[in-house]
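Have a look at the structure below, then the notes.
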């Protein structure tokens with residue numbers, strides 16, 4: 001994927017952005033991120049939300065390259081990831097989730113990066129069942145990451161339920177989240 005950043009959301013289907021030239025990027029935490037995208041999502045905030053998100057993300061410290069967690073000043077309930085290891089959480093999402101649920105949101109985004117070959121989570125083998133839908137695959141792998149890092153894997157469903165409660169006025173999103181929760185509660189197909 002190289003220079004093609006992948007933006008992944010808990011709320012929206014996976015979307016690929018086109019290649020973005022250096023003039024459209026800025027450095028945040030040592031990484032290049034499209035400036036326009038950051039601006040469109042409210043810009044990056046400092047303060048207690050960022051400190052909390054970074055503290056929660058520290059459970060995944062062995063990731064290579066090191067992950068960089070940022071908080072966007074946005075009222076959306078969303079999380080996004082960019083190669084090589086950048087995770088963006090919205091202010092509203094950080095405020096709506098408890099620490100374990102926030103870890104689940106981060107694990108979900110890290111799972112996308114692992115699956116796309118941008119991130120290595122250490123020597124453990126992360127084998128997930130074949131699941132066609134990228135969000136469902138990231139949910140399952142994220143659950144395994146949580147378990148390997150001492151967080152109850154069931155919190156992935158709890159996180160999705162909290163996100164669903166926060167987007168009740170978006171029926172299509174609520175329905176998609178309900179399908180993902182149901183899939184996580186069901187045993188994987190052989």
query: Taking the stated definitions as given, is residue 94 crowded, with 18+ Cβ neighbours inside 10 Å, touching a helix residue (DSSP H, G or I) at 6+ places or on another chain (Cβ under 8 Å) and at pLDDT below 95?
result: no
task: Tell me, yes or no, whether segment 54-64 has at least one residue that is crowded, with 19+ Cβ neighbours inside 10 Å, out of contact with any helix residue (DSSP H, G or I) (no Cβ under 6 Å at 6 or more places or on another chain), at pLDDT 90 or above and closer than 26 Å to residue 177 by Cα.
output: no
query: Restricting attention to segment 135-164, which residues are in contact (Cβ under 8 Å) with a residue 60 or more places away in the chain, part of a helix (DSSP H, G or I) and either under 13 Å from the mean Cα position of the chain (by Cα) or surrounded by fewer than 17 Cβ atoms within 10 Å (Cβ to Cβ) (or both)?
result: 135, 138, 145, 159, 160, 163
- prompt: Can you name the number of the only condition in (1) over 21 Å from residue 41 (Cα atoms); (2) at pLDDT 95 or above that residue 127 fails?
  reply: (2)
task: List every residue pair whose Cβ atoms lie under 6 Å apart, where the two residues are 6 or more positions apart in sequence or sit on different chains, the first residue falls within segment 107-131 and is buried (at least 23 other Cβ atoms within 10 Å of the Cβ), and the second residue, located anywhere, is part of a strand (DSSP E or B) and modelled with pLDDT of 55 or more.
output: 109/79; 109/81; 109/87; 112/81; 113/81
Residue in segment 44-62 that is farthest from residue 91 (Cα to Cα), counting only those that are in contact with a strand residue (DSSP E or B) (Cβ under 7 Å, 6 or more places away or on another chain) and in contact (Cβ under 8 Å) with a residue 24 or more places away in the chain: 57
- request: Go through the residues of segment 73-92 one by one and say whether even a single one is touching a strand residue (DSSP E or B) at 6+ places or on another chain (Cβ under 7 Å) and in a helix (DSSP H, G or I).
  value: yes
Members of segment 106-124 found to be at pLDDT below 75 and under 17 Å from residue 147 (Cβ atoms), listed by number: 121, 122, 123, 124
- request: Determine whether residue 170 is out of contact with any strand residue (DSSP E or B) (no Cβ under 9 Å at 6 or more places or on another chain), surrounded by fewer than 20 Cβ atoms within 10 Å (Cβ to Cβ) and farther than 17 Å from residue 79 by Cα.
  value: no
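The values are calculated or read from the model by the stated rules, or taken from the named source; none is laboratory data. No experiment lies behind these values; they were computed from the predicted model shown. Neighbour counts run over all protein chains shown; Cβ positions are idealised from the backbone, glycine included.
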